[in-house]
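The values are calculated or read from the model by the stated rules, or taken from the named source; none is laboratory data. These figures come from a predicted structure and were not determined experimentally. Note: ideal-geometry Cβ built from the backbone for every residue, glycine included; neighbour counts use all protein chains shown.
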């Protein structure tokens, strides 16, 4: 009985010591020349894509407490290339069909929307080719909803 208790006690002490001296994960800061490192790393629910703006929907006047009542917030995108996807978004983009995406900071230049925004986006027009993180969320009816928070216009 004493041997069993001593063994349990020693095991417990070893476990405690190993927990206190375990290595902590170190995360180094990502240095990018881009405006936002979101465009270089796909989160679990996003894909980094190259896309072309096919059409821009008009502002939605019914969204009275939103920028989207004055500025266009939705566009139809053609996904030209998938650079990478996070674990939850893998296989969620169909390259054979176009994708409707909501732009959180609108498709207008951010300075014309709200000059206090720290994120500076140039605005988009039909035909622009962009690099973006397409955030994909499940939606009703077995579909998905896509959102864009930032983008970089690519030269053609």
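Key figures for this structure:
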read-out: Complete set of residues in the stretch 105-143 that are more than 16 Å from residue 56 (Cβ to Cβ), surrounded by fewer than 17 Cβ atoms within 10 Å (Cβ to Cβ) and in contact with a strand residue (DSSP E or B) (Cβ under 7 Å, 6 or more places away or on another chain); value: 119, 137, 138, 139
read-out: Neighbours by Cβ (under 6 Å, 6+ apart or cross-chain): first from the stretch 116-142, at positive phi; second assigned to a loop (DSSP other than H, G, I, E, B); value: 123/108; 123/109
read-out: Tally, over the stretch 54-86, of residues that are under 24 Å from residue 125 (Cβ atoms) and under 18 Å from the mean Cα position of the chain (by Cα); value: 11
read-out: Residue 81 vs. criteria free of Cβ contacts under 8 Å to residues at least 40 places away in the same chain, in contact with a strand residue (DSSP E or B) (Cβ under 7 Å, 6 or more places away or on another chain) and not in a loop (DSSP other than H, G, I, E, B); value: yes
read-out: Residue match in the stretch 124-146 (condition: at pLDDT 95 or above, in contact with a helix residue (DSSP H, G or I) (Cβ under 8 Å, 6 or more places away or on another chain) and in a loop (DSSP other than H, G, I, E, B)); value: no
read-out: Any hit, the stretch 86-104, residues being surrounded by 13 or more Cβ atoms within 10 Å (Cβ to Cβ), touching a helix residue (DSSP H, G or I) at 6+ places or on another chain (Cβ under 6 Å), in contact (Cβ under 8 Å) with a residue 12 or more places away in the chain and outside any loop (DSSP other than H, G, I, E, B); value: no
read-out: Residue 61 in a loop (DSSP other than H, G, I, E, B), out of contact with any strand residue (DSSP E or B) (no Cβ under 8 Å at 6 or more places or on another chain) and at pLDDT 90 or above; value: yes
read-out: Some residue of the stretch 66-85 being touching a helix residue (DSSP H, G or I) at 6+ places or on another chain (Cβ under 8 Å) and at pLDDT below 90; value: no
